[in-house]
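Shown next, in structure tokens, is the structure this report addresses.
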Amino acid sequence: MLAMQLKIGTIDTVVILVYLVGIVGLGCWAGFRQRRGAEGRSYFLAGGTLTWPIIGLALFSTNISTIHLVSQAQEGYDNGLAYGNFEWMAPFTLIALSLFFAPFYIRSKVATLPDFLEQRYSRPCRDWLAFLSIISATFIHIGFSLYTGAVVLEGLFGIPIIYSIIGVSLLTGLYTIIGGLMAVVVTESIQTVVLLIGAICITAMGLWQVGGWEGLSDNVEPVKLTMLRSAEDKANLPWYSVFLGYPVIGLWYWCADQTIVQRVLGAKDENHARVGPLFAGFIKILPVFIFVLPGTICLGLINQGRLPALPVLQAETRTEPSRELSATEQQVYQAVMSRGAGDQKPAGVDEIAHQTGLDRRIVYGTMTELVNLELLRFKSQDIYAHMITNLLPVGLKGIVAAALLAALMGTVSGALNSVATLFSYDIFKRWRPETSDHALVIIGRVVTFLAMIAAILWSPHIKRFGSIYQGCNALICYIAPPITVVFLWGVFWRRASAAGALTTLLTGSFLGAVVFFIDWNREKPWLKQYIEWDVPFMMAAFYLFVICSGVLLVVSYMKPAPASAEVDALVWKNPLESLRGRAWRGIGNYRILAAVLFVVMVVLYVIFA
């Protein structure tokens with residue numbers, strides 16, 4: 001067990017404790033300092049005082065969670081750089097946020113994105129989006145982050161998963177409830193720095209030990225160092241699904257999800273709201289190298305014999321081998337199964353070598369072949385803890401552990417504040433319009449606590465997903481399409497009507513639920529005899545987007561939108577109109593920054609294609 005291997009020194013313990021006390025204290029202080037008893041927009045949107053560096057760092061920190069640190073390293077080990085596409089496609093959608101969406105959000109002075117949807121369409125559209133946003137924030141942003149962080153803390157320190165979930169939830173909930181968005185963004189800015197330091201340390205140490213890029217290239221399959229893959233590749237992320245499917249989920253996540261965009265809504269002015277996302281876009285170049293690549297580096301180090309091999313488990317889906325097993329393969333497989341791998345108890349290389357009397361290098365090679373035959377699987381979700389345990393010296397272990405806590409607390413605190421804002425403004429205030437701002441803040445704090453409880457109860461069930469990162473993105477693919485459709489066409493097509501938008505949201509949500517149900521149960525015999533489902537989740541998002549766009553088009557023509565000056569002010573006459581807004585001079589000009597970011601990303605894709 002990794003928890004038994006790791007020796008936590010005094011320095012590591014001090015670093016972790018100082019961080020926990022410091023970050024909670026800072027969050028509480030920021031909330032009290034802003035204004036004791038802050039009300040309304042001051043609590044939920046930091047009083048409209050956020051500048052572009054804070055917005056950019058907060059966007060990055062809320063997006064980068066333990067899911068990235070743990071699951072992207074897992075994907076790097078299993079599939080190489082392929083899932084780095086989720087990082088490098090993000091800058092393109094952040095450009096869209098900066099140019100096309102942020103100006104309308106600031107000009108309309110909305111506190112929430114459902115509020116914007118009401119101004120553009122209707123009150124029922126606002127209600128449905130508020131409901132979907134609360135669900136996604138609680139069960140995707142908070143739930144997946146809590147579980148993934150708990151997995152690593154268990155691997156590092158032996159803390160049971162449920163205790164980790166509860167402990168971090170209480171600490172994060174404390175400063176979020178007290179300080180509101182100001183506490184969230186101030187602590188996020190600090191946590192981003194800690195997160196980057198920890199991630200860079202582990203990447204640098206690993207790359208140095210593997211022998212640099214040349215050493216890595218010599219010890220992993222060449223395809224693992226490429227971004228774009230064919231449909232036959234085991235990563236299940238064909239190149240065309242990236243370019244067709246990611247814009248659908250990316251536009252929802254970066255441009256229409258309250259948890260993320262709330263930082264932009266609190267911007268000081270329109271230019272800060274535009275430049276902040278572009279700054280975040282430049283930072284998003286880093287995760288491929290400091291979150292995904294470490295998993296691939298670890299594979300190279302294991303293949304070199306510099307790191308112990310990961311333990312194995314029985315494959316999730318039992319299949320017949322494509323060929324007859326050799327005597328050695330049968331011996332190793334039986335030894336692994338006898339140690340409880342069938343009951344999801346991991347079996348290590350040293351254990352099997354001792355049991356069979358075979359050389360450990362032969363055991364590792366045989367295990368790898370059995371994994372390729374889909375009879376076993378490496379316990380790759382532990383890859384990040386594995387690297388921390390075996391690569392970092394005393395002191396750095398504490399820094400990286402603090403980085404894990406930073407990522408976890410940053411995402412959870414941002415999502416909690418968004419849930420409070422959505423419920424207070426979009427549900428409760430509609431029910432009781434006379435409610436004072438002070439009362440709304442109290443209600444928001446209660447809702448923050450209840451959302452935390454719901455996420456704690458949900459988090460342990462996430463273990464049913466084979467890959468945490470793919471599971472999280474699959475859920476997003478089933479939620480995002482109808483929301484992306486109504487926002488995207490809403491700012492570019494004046495004739496998109498309220499009836500069309502509501503029909504699209506309801507129809508798209510229903511279809512998304514059906515597709516999720518089929519995908520979740522696709523291996524069940526009672527369903528498999530009727531449906532052979534083998535659609536990559538990113539392509540499912542694209543197909544749902546096309547269907548939802550068709551629904552919006554047809555219903556909007558059948559029930560057109562009436563003339564309205566208010567709606568006209570929230571629709572671009574043409575895409576180039578978005579470039580005519582007032583901008584700062586020089587390098588701070590959002591037009592220049594957007595163009596530079598676009599070119600940089602295209603060049604990176606050409607290099608790593």
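The values are calculated or read from the model by the stated rules, or taken from the named source; none is laboratory data. All values derive from a computational prediction rather than experimental measurement. Cβ placement follows ideal geometry from the backbone for every residue including glycine, while neighbour counts extend to all protein chains displayed. Keep in mind that these areas ignore ligands, DNA and RNA; they rest on the heavy atoms of the full protein, side chains included. Shrake-Rupley method; radii C 1.70, N 1.55, O 1.52, S 1.80 Å.
Give the value in nm², to one decimal: projected area of the alpha carbon convex hull of segment 328-424, averaged over all directions.
9.5
Label-point separation (nm) for A569 and T319, each offset 7 Å from Cα along Cα-to-Cβ?
Between A569 and T319, the label points sit 5.8 nm apart.
As a test of understanding, state the convex hull volume per residue of the chain from its alpha carbons, in Å³.
Measuring per residue, one finds 151 Å³ for the Cα hull of the chain.
If you roll a 1.4 Å probe over the heavy atoms of the protein chains, what accessible area per residue do you get for segment 478-609, in Å²?
Result: 54 Å² of accessible area for each residue.
Where does helix 161-210 land angle-wise versus the long Cα axis of the chain, in degrees 0 to 90, nearest 10?
On a 0 to 90 degree scale, this one is about 50.
Please give the peptides 131-141, 382-392, 524-534 ranked by average Cβ packing (other Cβ atoms within 10 Å per residue), highest first, as a rough proxy for protection.
The peptides rank, most packed first, as 382-392, 131-141, 524-534.
Expressed as an acute angle from 0 to 90° and rounded to the nearest 10, what is the orientation of the C-alpha long axis of helix 468-492 relative to the principal long axis of the chain?
20
I'd like the orientation of helix 537-558 relative to the chain: the angle between its Cα long axis and the longest Cα principal axis, in ° from 0 to 90, rounded to 10.
It works out to around 20 degrees.
Using 0.36 nm per residue, how much length does the chain from N236 to R585 gain when fully extended, once their Cα-Cα distance is taken away?
That pair, N236 and R585, stretches by 121.2 nm at full extension.
Just how much of L553 is accessible, in Å², when a 1.4 Å probe is used and the result is rounded to the nearest 10?
80
Okay, helix-only estimate at 222 nm for the chain: each DSSP H run of n ≥ 4 adds -39500 (n - 2.57), divide by all residues, round to 500 deg cm²/dmol; what do you get?
Helices in the chain give a 222 nm mean residue ellipticity of -21000 deg cm²/dmol.
How big is the shadow of the Cα convex hull of segment 198-294, averaged over all directions, in nm²?
Its average projected convex-hull area is 8.3 nm².
So for segment 435-588, Kirkwood radius off the Cα pairs, Stokes-Einstein at 4 °C and 1.567 mPa s: how many µm² s⁻¹?
Once the numbers are plugged in, D ends up at 68 µm²/s.
Whenever you get a sec, compute what percent of the accessible area on the chain sits on carbon and sulfur atoms (1.4 Å probe).
65
Which log10 I(q)/I(0) values does segment 258-417 give at q = 0.11, 0.17 Å⁻¹ under the Debye formula, counting every alpha carbon as one identical point scatterer?
Reported log10 I(q)/I(0), two decimals: -0.64, -1.03.
Starting from the Cα of L604, step 7 Å along the direction of its Cβ; do the same at R123; then give the gap between the two resulting points in nm.
Between L604 and R123, the simple spin-label model gives 4.5 nm.
Tell me, what is the percent relative contact order of the chain, built from C-alpha pairs under 8 Å that lie six or more residues apart?
28
With a sphere of radius 14 Å drawn around the Cβ of Y557, what net charge do the other residues whose Cβ falls strictly inside it have (Lys, Arg +1; Asp, Glu -1)?
Net charge in that neighbourhood comes out at +3.
Using Cα positions and a limit of under 18 Å, work out the aspartates and glutamates in reach of K345, with same-chain residues fewer than 8 apart set aside.
K345 reaches E154, E316, E374, D382.
What pairs from K234/K379; K379/K528; K224/K528; K379/K463 go past 22 Å between their alpha carbons?
Pairs exceeding 22 Å: K379/K528; K224/K528.
Can you order the peptides 64-75, 160-171, 230-241 by their average number of other Cβ atoms within 10 Å per residue, highest first?
My ranking of the peptides, most packed first, is 64-75, 160-171, 230-241.
Among the lysines, select those whose C-alpha is under 30 Å from the C-alpha of K573, and discard any that sit fewer than 8 residues away in the same chain.
Output for K573: K109, K268, K559.
Quick one: net charge around G84, please, counting Lys, Arg +1 and Asp, Glu -1 for every other residue with C-beta under 12 Å from its C-beta.
+1
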